[in-house]
Structure formats: C-alpha cells, structure tokens
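Q: Starting off with a structure, shown below.
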Amino acid sequence: MKAPKPKAMKPPKRFAVGTPVRVVLPGIDGIEVLRQIKKRNSAAVVLMMSAYHMVDRAVEAMKLGAFDYLIKPFHLTDLSATLRRAFEMLALRVRVRDTVETAKGQYDFGRVVTMNPAMREVLEMARKAAETDHTTILILGESGTGKGVLARAIHYASPRASQPLLELNCATLPDALLESELFGFEPGAFTDARRRKEGLLERAHGGTLFLDEIGNMSASVQAKLLRVLEESTFMRLGGIKSIKVDVRLIAATNANLKQIVAEGRFREDLFYRLNVMPLFIPPLRERQEDILPLALDLMKWFNQELKKNFVGFTPSAAELLVRYAWPGNIRELKNVIERTMILAPEGDIDASSLPEEIRKNEAPLPTLNEDPFREDPLVTLRELEDEYIQKVLAATGNNKTHAARILGIHPTSLLRRLKKEPSELN
Ligand SMILES: Nc1ncnc2c1ncn2[C@@H]1O[C@H](COP(=O)(O)OP(=O)(O)O)[C@@H](O)[C@H]1O
Ligand SMILES: [Mg+2]
C-alpha cells in the first residue's frame with residue numbers, strides 16, 4: 001500500500017531553533033516524514049523516536065540525515081543528553097556560518113582595489129567563473145600580484161563558499177610529500193605510513209582546492225592530477241580503490257606554462273585541462289593607476305593593525321611610489337607600507353621616509369597608458385650620428401671643413417660618411 005500523500009503531514013513552513021515538531025500520525029511512515037522534512041529544509045535537526053527497535057529503520061533514518069534515533073521507552077536523561085548534543089551542533093553550525101560570512105567579507109571581490117581596465121576585466125571574468133560550480137580556473141601572474149587573494153575571492157563568491165577551501169603550495173614540498181598530501185595514503189604505502197591518511201582532495205570534497213605554484217609539479221603528480229580533472233577520481237597512495245570527489249580546482253603559477261610545456265617539463269594535456277579559464281593578473285607596474293589607491297588601502301589596514309594614525313602621502317612620496325617598478329608587486333608594496341609606518345612619524349608619509357631603493361629610483365615617470373618612447377623612438381648609434389652630422393652641417397651652412405672640426409673628425413672621414421668624393425671638400 002502506498003503511503004498517504006505528504007499533505008497530511010506537512011511540517012510548519014519555518015523551523016526555528018528549538019521548535020519541536022510532533023508528528024502524531026498513526027500508520028504513517030516516520031521515515032517518509034523525515035524525508036519530506038529534509039527535502040524542505042535540509043538543515044533541520046530531526047530526532048526520531050520509535051517504539052520498536054528496528055535496526056534497518058534506524059540506519060535508514062540516520063542515512064537520511066536524522067540527528068538521532070531513540071527507542072521508546074527511554075530515560076529522560078538520554079533525551080536531554082541528545083538534545084544537548086543537538087544544540088551544541090546547532091551552535092557550531094551558526095559559528096561556522098559566521099566564520100564563512102567573515103571570510104566572505106574579507107575576501108570579497110569588492111576589496112580588490114583597481115581602476116585598471118585590464119584588471120577590471122579579470123575581476124569580471126573571475127566573478128562569472130566563481131558562479132560556475134565546477135570550472136577549473138588558472139590564475140597567472142608574477143609573484144605578489146595577488147593570485148592567492150583572487151583564488152580566495154573566487155571560492156567565497158562561489159556556491160561552494162560554506163564548504164572547505166584548502167590550499168597547497170606545490171613549490172614548498174618535496175615530491176613524495178606533495179603526493180601524499182594531495183592524495184593521502186593507506187597504511188603500509190611507505191615505511192612511515194602506519195595509519196590511513198586522507199589527502200587534501202578528499203578533505204576538500206564539496207569545496208575548492210587551491211594549488212599554488214602548479215608549474216613545479218613532478219610528472220607523476222601531473223599524471224594523477226590530470227586523472228582527477230578528467231574523471232573526478234583518484235587513489236590514495238598504496239590504495240586499490242578509486243575514490244570519487246567533487247572538488248573545484250583553482251591553480252596558480254607565476255611560471256610561463258606554455259614555455260615549460262615547450263621544454264617538456266609540463267604535460268601538454270594537463271595544461272589544456274587547466275587552461276579552460278585563464279585569468280592573467282597584470283604586474284603592478286602595468287597598472288600604475290592602482291599604486292596609490294592600493295597604498296592608501298594598505299595604510300588604512302596597517303593603521304588598525306599597528307594602532308597608528310597615518311593620513312596619506314606627501315606629493316613627492318606619492319610620485320616616488322608611482323614611479324617605482326615594484327618587482328615584488330603588491331606584496332612588496334605591502335611590506336614597504338608596513339615598514340615605513342613602523343618607522344616614520346605619523347601624519348603624511350614623506351619621500352624621505354621611504355626605503356632607499358624607492359628614493360633612489362630615478363627612472364622617469366612614464367605617462368599613463370602611453371608608450372614612453374613614442375615621442376622619441378630608440379635608434380641605432382649610426383642613425384643618431386647621421387642625424388647629428390646633418391644638424392652640424394646645417395648649422396655651418398654646409399661647410400664640411402668647419403663641420404668636421406666641430407664633429408672632431410678628419411674632413412675625409414666626414415666625406416666618407418657622406419659618401420662624397422674628396423674633391424667636393426669646400
Ligand atoms: N588587492 C589587494 N589589496 C590588498 N592587498 C593585496 C591585494 N592583492 C594582494 N594583496 C596582498 O599582497 C600579498 C601577496 O598576495 P598573494 O595573493 O599572496 O600574491 P601571489 O599569490 O600572486 O604571490 C598578500 O599579502 C596579499 O594580502
Ligand atoms: Mg602566492
């Protein structure tokens with residue numbers, strides 16, 4: 001016989017924490033009630049009670065997400081212990097949600113300061129990529145450009161925000177360790193493997209795995225990672241069972257992947273698998289309009305961190321900051337601002353307080369979005385000489401003897417340069 005329609009046992013629309021929902025429906029399948037409740041609100045904490053001990057049903061109820069299954073008659077202390085655990089779990093869940101909200105605010109795209117058109121485009125693409133649940137994302141850019149910051153912003157803007165975000169820097173671990181960190185291992189997989197260990201892939205299930213410095217991966221790890229991307233499965237080291245995972249991968253590198261593919265150090269198939277959604281963060285020197293807004297943003301941050309009261313930069317300090325090439329990008333800018341704020345007097349930071357490498361920088365200030373050499377194209381020495389010779393000739397009224405004297409060369413040398421015969425000497 002079919003169970004009656006769920007209409008009769010429709011739970012209240014909203015489950016506030018602590019609202020007991022009592023379902024007195026003789027002959028109706030409690031499991032079905034549970035199923036319906038969970039369908040409407042998967043977060044509801046459901047405590048099942050039954051007069052009979054039926055192991056199958058208890059197991060099924062737990063599988064469907066019941067919090068606990070009590071057999072009547074039970075002692076009130078059992079019930080209160082179970083309820084205490086339920087409330088502890090709810091409190092924990094609220095805490096986790098708060099943490100996620102805080103992280104969301106901290107790693108919000110809105111916090112990435114930029115006025116640069118190329119960077120804005122990157123952020124726009126990143127925002128769209130975040131919304132897709134599974135797309136693999138590859139973040140490219142020099143060291144210190146904020147690849148990690150962007151990866152976190154993507155995770156926290158994605159549907160996976162409340163699931164784990166795990167990070168691994170592939171450049172910092174020796175090969176064997178990298179492999180066991182990623183894939184985990186079974187007991188006996190190698191000498192020290194006494195107990196089973198879950199790898200990051202398993203622990204990131206449902207969430208995001210951020211692999212930094214992916215260009216440094218060995219061939220064997222590359223092959224295994226390719227399999228994860230193609231089939232969503234992998235095996236623990238020493239394991240024989242394929243494990244299926246649902247993980248979004250974000251990879252980052254400051255290496256030129258195409259080049260290391262050409263050099264045979266990176267699998268081409270893996271490169272194409274990763275390169276679905278490449279996001280290139282331009283170096284800071286190519287987004288000079290962002291230097292001062294970023295510097296001010298960092299100043300605000302360090303005012304809080306260091307309990308200081310800095311206001312801004314004097315014009316000469318601002319000019320030096322914009323003029324400097326920032327080989328270490330935002331990371332270097334951040335360090336410079338922090339160091340200066342620790343040492344300099346509060347108020348406006350002056351040029352004299354900036355570190356030496358920035359004060360000593362004498363490169364001319366390129367005009368924004370303009371080729372600095374457009375006005376004055378670079379030429380060969382020969383072309384420069386020819387141009388100067390013409391200038392001197394014009395100034396001497398084409399008097400070659402006079403011109404040669406000014407140029408400091410013998411008149412015949414001048415004629416040779418002009419491809420003229422000595423008889424033409426005037
Ligand atoms: N948009 C930004 N605003 C403020 N700080 C930033 C920004 N982008 C990066 N940073 C800071 O710069 C440093 C380098 O960023 P990170 O993401 O580690 O760069 P990468 O991974 O490219 O080397 C970090 O300390 C980070 O907090
Ligand atoms: Mg990094």
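Only the coordinates and a few stated rules stand behind these numbers; no lab work does. Remember, predicted model here, so these are calculated numbers, not experimental data. Because the Cβ atoms are built from the backbone with ideal geometry, glycine has one as well, and the counts that use them run over all protein chains shown.
Q: Order these by the 10 Å Cβ neighbour count, fewest first: Val112, Val55, Val245.
A: Fewest-to-most Cβ neighbours within 10 Å comes out as Val55, Val245, Val112.
Q: Quick query: amide H of Leu237 versus all other amide H atoms, modeled in the peptide plane; which residues come in under 5 Å with a sequence gap of 5 or more or a different chain?
A: Placed amide hydrogens put Gly184, Phe185, Glu186 under 5 Å from Leu237.
Q: Points 7 angstrom from Cα along the Cβ direction at Glu131 and Ala255: gap in nanometres?
A: Calculated label separation equals 3.4 nm.
Q: If I take R0 = 51 Å and measure r between the Cβ atoms of Arg194 and Glu385 in this structure, what FRET efficiency does the formula 1/(1 + (r/R0)^6) give, to the nearest 0.05? Intermediate values should be presented prior to the final figure.
A: On the way: r = 77 Å, r/R0 = 1.51.
According to the calculation, E is roughly 0.10.
Q: Amide H neighbours of Ile139 under 5 Å, at least 5 residues apart or on other chains, H built in the peptide plane: list them.
A: Ala251, Ala252, Thr253, Leu279
Q: Stick to the Cα atoms of segment 289-337, pair each with every other, and give me the Kirkwood hydrodynamic radius in Å at one decimal.
A: 11.1 Å
Q: Quote the FRET efficiency, to the nearest 0.05, computed for Asn399 versus Glu286 with a Förster distance R0 of 56 Å and r equal to the Cβ-Cβ distance. Walk me through the numbers before you get to the answer.
A: Numbers: r = 50 Å, r/R0 = 0.89.
So, using R0 = 56 Å, E works out to roughly 0.65.
Q: Ok, one more. Give a residue-ordered list of calculated ³J(HN,Hα) values for segment 236-244 (Karplus: 6.51 cos²θ - 1.76 cosθ + 1.60, θ = phi - 60°; whole Hz; x for Gly, Pro).
A: 5, 4, x, x, 10, 9, 6, 10, 9
Q: Label Met62 and Lys360 with points 7 Å out from Cα along Cα→Cβ: what is the distance between them in nm?
A: 6.9 nm
Q: May I pose another question? Based on other C-beta atoms within 10 Å, arrange Met341, Met217, Met235 from fewest to most.
A: Met235, Met341, Met217
Q: Just to confirm my numbers, what's the Cα centroid distance between segment 122-139 and segment 306-332 in Å?
A: Comparing the Cα centres of segment 122-139 and segment 306-332, I get a distance of 31 Å.
Q: Pop out the ³J(HN,Hα) list for segment 190-200 in order, Karplus 6.51 cos²θ - 1.76 cosθ + 1.60 with θ = phi - 60°, rounded to Hz; leave Gly and Pro as x.
A: Running phi through 6.51 cos²θ - 1.76 cosθ + 1.60 with θ = phi - 60° gives 8, 3, 8, 7, 7, 10, 5, 10, 7, x, 4 Hz.
Q: Per residue of segment 144-153, what does 6.51 cos²θ - 1.76 cosθ + 1.60 with θ = phi - 60° give for ³J(HN,Hα)? Whole Hz please, x for Gly and Pro, Karplus curve as stated.
A: So the Karplus estimates, Gly and Pro as x, are x, 7, x, 5, x, 4, 5, 4, 5, 4 Hz.
Q: Search the structure for amide H atoms under 5 Å from the amide H of Gly312, placed 1.01 Å from N in the peptide plane, and list their residues when 5 or more places away or on another chain.
A: Close amide H contacts, sequence-distant or interchain: Asp348, Ile349.
Q: Of Phe190, Phe210, how do they rank once you tally other Cβ atoms within 10 Å and put the fewest first? Could you put the intermediate results ahead of the total?
A: Details: Phe190 11, Phe210 26.
Least crowded to most crowded, the residues run Phe190, Phe210.
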